[in-house]
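I have placed the structure first, in the form of structure tokens, so that the comments after it can refer back to it.
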Amino acid sequence: MKTARVNGAELHYTDGGAPDGQAVVFANSLGTDLRVWDAVLPHLPPDLRVIRYDKRGHGLSEETPGPYSIDILADDAAGLMDHLGLRGAVFVGLSIGGLIGQALAARRPDLLRGLVISNSAARIGDAGMWQGRIDAIRSGGLRAIAAPTMERWFSPEFRREGAAAPWQRMLERQPQDGYIACCEAIAAADLSESTAKLDLPVRLIAGRLDGSTPPDLVAATARLIPGARLEVMEGVGHIPCVEAPEIYAAILSDFIEETP
Ligand SMILES: O=C(O)CC1=CCC(=O)O1
């Protein structure tokens, strides 16, 4: 298992694929760990170097005391990339990972050659909504929010097949305080101003049935960024890398190929 101590937290990561290849860094969403990318990787070009990591407070990374901020989480990503000697990577961020990617591109443009903002936006939800979720977790644990979360994450068809069950277990097993600290980071984040100034190739991905960041919200962020293109995936919810990994990988592969 690989870990690195960066920015005051020990982060768990994987570093696979071709060691000298174009680097692609994956940042996953709230309540998930780096396994959300498992099914995507076999469909990516074999000549890529693929880095995945668990943000602090999630997966096997350290749960430092909260609250966190998107800037702290972006500095974690930058610290990991510096640790690995990465420059000019493509960063793929899902949901809060997309917020991290936007902040990273604004704070450390030297690290990135392209950014994929997947199922994310410059602002996600509002303070009242996030506080309601935090209160529900403090009184009932992550189990208290698990069922409605699955409805936002996955299409009715995927859930009917029982395919959401392992992902619900993944959510319920995340460190509760780490999850809450990330909710606080999202609640405080409005990246509209800095995201409108981004100057790198950007692709956005939305899921037609996404109950957390619906296509209209993702489209509004796409309109902020000169030259950015939005792909809307049909029939999937908030975590399309799990529901339709082959199509998701094809969108990533196209973007990586187009991004010199
Ligand atoms: O749990 C959700 O609603 C989905 C989500 C919002 C931000 C994130 O990272 O995941």
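The values are calculated or read from the model by the stated rules, or taken from the named source; none is laboratory data. As the structure is a prediction and not an experimental result, all values here were calculated from the model. Cβ sites come from the backbone with ideal geometry, for glycine too, and all protein chains shown count toward neighbours. Protein only, heavy atoms only, side chains kept; ligands, DNA and RNA dropped before computing areas. Shrake-Rupley method; radii C 1.70, N 1.55, O 1.52, S 1.80 Å.
The figures follow:
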item	result
Matching helices (runs of 4 or more DSSP H) fully within the stretch 125-223 where at least 2 residues are within 14 Å of the ligand (Cβ to nearest atom) and touching a helix residue (DSSP H, G or I) at 6+ places or on another chain (Cβ under 9 Å)	127-140, 143-153, 165-172, 176-187
Top-ranked residue in the stretch 190-221 [being of a type in the set (A, V, I, L, M) and open to solvent by 10 Å² or more (accessible area, probe 1.4 Å); ranked as nearest to T149 (Cα to Cα)]	L209
Enumeration of residues in the stretch 132-146 that are in contact (Cβ under 8 Å) with a residue 12 or more places away in the chain and of a type in the set (A, V, I, L, M, F, W, C)	I134, I137, L142, I145, A146
Which listed residue is crowded, with 24+ Cβ neighbours inside 10 Å, more than 12 Å from the ligand (Cβ to nearest atom) and over 18 Å from T149 (Cβ atoms), from L104, L111	L104
Test for A9: is it in contact with a Leu (Cβ under 9 Å, 6 or more places away or on another chain) and more than 16 Å from the ligand (Cβ to nearest atom)	no
Checking P260 against (1) out of contact with any Pro (no Cβ under 6 Å at 6 or more places or on another chain); (2) buried (at least 16 other Cβ atoms within 10 Å of the Cβ), the condition it does not meet	(2)
Cross-chain or 6+ apart pairs with Cβ under 6 Å, the stretch 100-115 first and closer than 24 Å to C183 by Cβ and among the polar types (S, T, N, Q), then assigned to a helix (DSSP H, G or I) and open to solvent by less than 10 Å² (accessible area, probe 1.4 Å)	Q102/T195
The stretch 131-152, residues that are open to solvent by less than 10 Å² (accessible area, probe 1.4 Å) and in contact with a Cys (Cβ under 9 Å, 6 or more places away or on another chain)	I134, I137
Enumeration of residues in the stretch 1-57 that are open to solvent by 40 Å² or more (accessible area, probe 1.4 Å) and more than 21 Å from V116 (Cα to Cα)	M1, K2, T3, R5, N7, G8, E10, P19, D20
Answer residue from the stretch 63-85, given it is surrounded by fewer than 23 Cβ atoms within 10 Å (Cβ to Cβ) and charged (D, E, K, R) and is farthest from the ligand (Cβ to nearest atom) among those	D82
Residue in the stretch 76-85 that is assigned to a loop (DSSP other than H, G, I, E, B) and within 21 Å of D199 (Cβ to Cβ) present	no
Set A206, A249: member being within 19 Å of G125 (Cβ to Cβ) and under 16 Å from the mean Cα position of the chain (by Cα)	A206
Subset tally (residues that are away from the ligand (no atom under 12 Å from the Cβ) and either over 24 Å from D33 (Cβ atoms) or outside any loop (DSSP other than H, G, I, E, B) (or both)) for the stretch 86-100	6
Any hit, the stretch 40-55, residues being touching a Lys or Arg at 6+ places or on another chain (Cβ under 8 Å) and at pLDDT 95 or above	no
